[in-house]
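The values are calculated or read from the model by the stated rules, or taken from the named source; none is laboratory data. Quick caveat, the model's predicted, so the values are computed rather than measured. In this analysis, Cβ positions are derived from the backbone assuming ideal geometry, glycine residues included, and neighbour counts consider all displayed protein chains.
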Amino acid sequence: MGLTLAEKIINEHIVEGEPVKGSEIGIKIDQTLTQDATGTMAYLQFEAMGLERVKTELSVSYVDHNMLQTDFRNADDHAYLKSVAAKYGIYFSKPGNGICHQVHRERFGIPGKTLLGSDSHTPTGGGLGMISIGAGGLDVAVAMGGGPFFLKYPDIIGVKLTGELQPFVNAKNVIFKLLEILTVKGGVGKVLEYFGPGVKALSAGDRFAIANMGTEVGATTSIFPSDENTKRFLVAQDRGDVWIELSADDGAEYDEIIEIDLSVLEPLVAEPGSPDNIVDVKSLVGKKVAQVLIGTCTNSSYEDMMTVAKMLEGKKIHPGVDMGVAPGSKQVFQMIAESGGLGMIISSGSRILESACGFCIGMGQAPPTGGISLRTGNRNFPGRSGTQGDNIYLVSPEIAAASALAGEFVDPTTIDQVIEIEPPTQYTIDDSGIIPPIEDSSGVEILRGPNIKEVPVKEPLTDAIKSEVILKVGDNITTDHILPAGAKVLPLRSNIPAIAEFVYVNVDDTFASRAKAAGSGIIVGGTNYGQGSSREHAALAPMYLGINAVIVNDFARIHRANLINFGILPLLMDASDNDKIEQGDDLEISDILATLESGSDFTVKNLTKGIEFKVKSDMTDLEKNILRAGGKLAYTRSQNQN
Ligand code: MIC
Ligand code: SF4
């Protein structure tokens, strides 16, 4: 039986466990990436491990999420990250150099390698034939220290592509189609592997957009073969030497196959609230638009920007539209300047934004009350834009540009224009925004501003929990619900006591005070709990507030791992038991240590209602050890001492 490409790379990297579906494996991590919003915690944790230098082949620290520097806090974070990079042998990508996933694929990604990143869209690297996975900062810190990354051996969904995309139908529509089929939870625990004759027709840039949004279906990662198009991209980045050809074996067996004919794909849109609210753009044509924002790690490549520029060339955006364009990296910015695209965008009346995450994570450009905002990003969770009750539609750059001109939704395939932007044969290479590691870092002092506080560590697991249900929520809760980002909260990413005040603030602003007053607590939720971002703060800050268990129907992968990493028990209840717990109930779980050890079900006693029921934990041996120690930091320290 032939192997899929994902299986081949995973198998080559296994250092613990066996390549058996569903069993726990540890894989060697070749490269890591962090970004500033998760990076400070990751590096504080790396420092706590007491190592002298990173042990990976390559580690990069990007600054792209919070660039506002409204006071000393953010500037201090940047200074801390820069000094840590110098101290521990890490590349530092300066603010302004671009969004981590865009820059990483341009300058560092290598086919066949593994990449672990403290950002959920790290799978973008799958566009280059990498196994690239998003994780919490602590997992990335461990990987930087040379430790394996643990995961369950995933099922591989083969996505067979045939045909060719029609003009003005962006590659993003492939993943929109998959979101329609799989929803935001259909990919949990799985890898999406693209194959078939249609792959050839997709440029490296197309593949990045698709792999990027595999995160939105909950997939562990996405991967494309490394072929002639991959080579062309790497050669054009002056990195042809790292190219190798990679594909699945003939006769590779996928656990499931989904077939998509690229030639019949129509431009799709994700309506407000969730990336899987997919509709055909045709159903929206004529609807008024207030804001159009183009950029983010999904759609901010040179090709995307030039397509937009050509669509805007010689025209003016509609007076009713506020438009902004954020090129994904300094390289993209420079190249659209050199080729005249930037001038076309400026003259159309659009604002030019920094090469950063910016509006995607609510750092500016919040839309007006009731106004429809079209964005080329990957997430439209409620309120993420900074405006409560927002109306964010996720679209392709083509829909965005056409609609900006008209002031209303337009189906770009109806436009009478031919635009063909070929991927460049030579990108402009200028790595001055990247500070490489130095050999002798003995004289480097780590700069720690006053807002940078130590990482709190939990006590070892106790044998009984008796706590109140502080909050009961429904299905598909995102980490943006649990701990929002945005201009007010992001400056606190290095300060857990301060950021803890914002836990669930937009869902119930009494959460933090009630949890603190109770001294301990439990959260109850539904299905796909914790989807979205990799931010470990969504586990760390609740832990700081005394949350010791989360009981839900099922979890999103990264958030579950983060809960365990910070010593919070992730428990699974049957949906039929959901009505056995209400907010405010007092629950008791006893015999925790013995139950964890035996792997049997825990008994939850609802003391308020006088009933009891069973919950599962579904924990691997390693996860049990981490929980017993009170979290991964304590566990890793104890391992290093042995
Ligand atoms: C996001 O898109 O939500 C983020 C911001 O990039 C996060 C990371 C974070 O919360 O810092 C992610 O996707 O992991
Ligand atoms: Fe940045 Fe948005 Fe991409 Fe997250 S999804 S890395 S916030 S651009």
- Those residues of the stretch 277-315 that are part of a loop (DSSP other than H, G, I, E, B) and within 16 Å of ligand 2 (Cβ to nearest atom) come to a total of 7
- Note on the structure: Within the stretch 567-620, residues within 16 Å of residue 467 (Cβ to Cβ), hydrophobic (A, V, I, L, M, F, W, C) and assigned to a loop (DSSP other than H, G, I, E, B) come out as 568, 573, 581, 607
- Message: Report every pair of residues separated by at least 6 positions or lying on different chains whose Cβ atoms are under 7 Å apart, first residue within the stretch 412-433 and farther than 18 Å from residue 303 by Cα, second surrounded by 16 or more Cβ atoms within 10 Å (Cβ to Cβ) and modelled with pLDDT of 95 or more.
- Response: 415/168; 415/402; 430/334; 431/107; 433/93; 433/94; 433/97; 433/330
- Query: Residues 8, 87: which one is closer than 30 Å to residue 483 by Cβ, more than 16 Å from ligand 2 (Cβ to nearest atom), more than 23 Å from the chain's Cα centre (by Cα) and touching a residue at least 40 places away in the same chain (Cβ under 8 Å)?
  - Reply: 87
- Task: From 143, 171, grab the single residue that is under 12 Å from residue 33 (Cβ atoms) and buried (at least 22 other Cβ atoms within 10 Å of the Cβ).
- Result: 143
- Item | Subset of the stretch 104-124 that is within 14 Å of ligand 1 (Cβ to nearest atom) and part of a helix (DSSP H, G or I) - its residue that is farthest from residue 432 (Cα to Cα) | 123
- Query: For the stretch 258-297, what are the residues that are buried (at least 20 other Cβ atoms within 10 Å of the Cβ) and among the small types (Gly, Ala, Ser)?
  - Reply: 270, 274, 295
- Query: Listed residues 539, 515, 500, 549; which is assigned to a strand (DSSP E or B) and away from ligand 2 (no atom under 16 Å from the Cβ)?
  - Reply: 549
- Message: For the stretch 382-408: of the residues being of a type in the set (Ser, Thr, Tyr) and surrounded by 23 or more Cβ atoms within 10 Å (Cβ to Cβ), which is farthest from residue 213 (Cα to Cα)?
- Response: 403
- Tabulated pairs, the stretch 62-81, first more than 15 Å from residue 41 (Cβ to Cβ), second away from ligand 1 (no atom under 16 Å from the Cβ) and of a type in the set (S, T, N, Q), C-beta under 6 angstrom, 6+ apart or interchain: 75/69
- Query: Among the residues of the stretch 622-630, is any more than 22 Å from residue 534 (Cβ to Cβ) and assigned to a loop (DSSP other than H, G, I, E, B)?
  - Reply: no
- Which one of 415, 429, 421, 434 is away from ligand 1 (no atom under 16 Å from the Cβ), more than 23 Å from residue 326 (Cα to Cα) and surrounded by fewer than 20 Cβ atoms within 10 Å (Cβ to Cβ)? 415
- Candidates 97, 74, filtered to the one that is within 16 Å of ligand 2 (Cβ to nearest atom) and touching a Phe, Trp or Tyr at 6+ places or on another chain (Cβ under 8 Å): 97
- Are any of the residues in the stretch 372-393 within 16 Å of ligand 1 (Cβ to nearest atom) and of a type in the set (Asp, Glu)? yes
- Message: Quick check on my filter: what residues within the stretch 61-87 are away from ligand 1 (no atom under 16 Å from the Cβ), buried (at least 23 other Cβ atoms within 10 Å of the Cβ) and of a type in the set (Gly, Ala, Ser)?
- Response: 85
- Query: Which of the following residues is at pLDDT 95 or above, in a helix (DSSP H, G or I) and closer than 30 Å to residue 540 by Cα: 198, 214, 186?
  - Reply: 214
- Query: Under the condition of being away from ligand 1 (no atom under 16 Å from the Cβ) and touching a residue at least 24 places away in the same chain (Cβ under 8 Å), which residue from the stretch 358-369 is farthest from residue 65 (Cα to Cα)?
  - Reply: 368
- Scan the stretch 5-63 for residues that are hydroxyl-bearing (Ser, Thr, Tyr) and more than 25 Å from residue 457 (Cβ to Cβ) and report the count. 2
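To keep it simple, each residue is scored yes or no on (1) surrounded by fewer than 22 Cβ atoms within 10 Å (Cβ to Cβ); (2) of a type outside the set (Val, Ile, Thr); (3) closer than 20 Å to residue 357 by Cβ.
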residue	(1), (2), (3)
458	yes, yes, no
473	yes, no, no
517	yes, yes, no
524	no, no, no
528	no, yes, no
538	no, yes, yes
546	yes, yes, no
552	no, no, no
561	no, yes, no
- Members of the stretch 88-102 found to be surrounded by 23 or more Cβ atoms within 10 Å (Cβ to Cβ) and either of a type outside the set (Ser, Thr, Tyr) or within 18 Å of residue 363 (Cα to Cα) (or both), listed by number: 90, 97, 98, 99, 100, 101, 102
- Item | Count of the stretch 341-381 residues which are more than 16 Å from ligand 2 (Cβ to nearest atom), in a loop (DSSP other than H, G, I, E, B) and surrounded by 24 or more Cβ atoms within 10 Å (Cβ to Cβ) | 1
- Message: With the structure loaded, tell me whether residue 433 is closer than 30 Å to residue 53 by Cα and in contact with an Asp or Glu (Cβ under 7 Å, 6 or more places away or on another chain) or whether it fails that test.
- Response: no
- Note on the structure: Residue hits (the stretch 544-560; of a type outside the set (S, T, N, Q), touching a Gly at 6+ places or on another chain (Cβ under 6 Å) and away from ligand 1 (no atom under 12 Å from the Cβ)) are 546, 547, 552, 555
- In the stretch 123-158, residues that are of a type outside the set (A, V, I, L, M), out of contact with any helix residue (DSSP H, G or I) (no Cβ under 7 Å at 6 or more places or on another chain) and either within 16 Å of ligand 2 (Cβ to nearest atom) or within 19 Å of residue 248 (Cβ to Cβ) (or both) total 4
- Query: In the stretch 12-22, is there at least one residue being within 24 Å of the chain's Cα centre (by Cα), within 16 Å of ligand 1 (Cβ to nearest atom), part of a helix (DSSP H, G or I) and at pLDDT 95 or above?
  - Reply: no
- Exactly one condition in (1) in a helix (DSSP H, G or I); (2) buried (at least 16 other Cβ atoms within 10 Å of the Cβ) is not met by residue 638; state its number. (2)
